[in-house]
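Read through the structure below, which is laid out as structure tokens, and then see the notes.
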Amino acid sequence: MDALRPSNMNRAAYRTKCRKKLAEHLLFKLGLSIKPEDVRLMTNADDPYSWQALPEKDHLFKKQLSKHSIGAYRALCREVGVSFEAVLTTRPNPDASSKPDKESREVFSKA
């Protein structure tokens, strides 16, 4: 059995640190308790959050977290809450109709 290369161990340590930092951001910003190992950069429709980033940081969200380099992990840790942040995912409610409710109609009619 081959021993792990130091560079791979270093990358794994940065990835773990990054996952923890992103999970902390999700808890602080959105109140979502997501385990660090479950944090995703490329979210899907089932995830309760997504990421909003400045255009120059969009490239960080085009890969899975596990596929990034140490430099990307450092950037993610440094820039979370600065050049990108978590936002709640808004999902359409299939039970809600497209018509405004009574309260909404009253507000609009008073205007």
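The values are calculated or read from the model by the stated rules, or taken from the named source; none is laboratory data. Bear in mind that the values here come from a model prediction, so they are computed numbers and not experimental data. All Cβ positions, glycine included, derive from the backbone under ideal geometry; neighbour counts span all protein chains shown.
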Check your understanding: If we keep just the residues of segment 16-31 that are within 13 Å of E85 (Cα to Cα) and either in contact (Cβ under 8 Å) with a residue 60 or more places away in the chain or among the hydrophobic types (A, V, I, L, M, F, W, C) (or both), which is surrounded by the fewest Cβ atoms within 10 Å (Cβ to Cβ)?
Key -> F28
Check your understanding: Yes or no: D47 within 29 Å of S7 (Cβ to Cβ) and acidic (D, E)?
Key -> no
Point to revise | Criterion violated by E56 - all others in (1) of a type outside the set (G, A, S); (2) surrounded by 16 or more Cβ atoms within 10 Å (Cβ to Cβ); (3) in a helix (DSSP H, G or I) satisfied | key: (2)
Check your understanding: Taking into account only those residues within segment 64-92 that are polar (S, T, N, Q) and closer than 14 Å to P48 by Cα, which is modelled with the lowest pLDDT?
Key -> T90
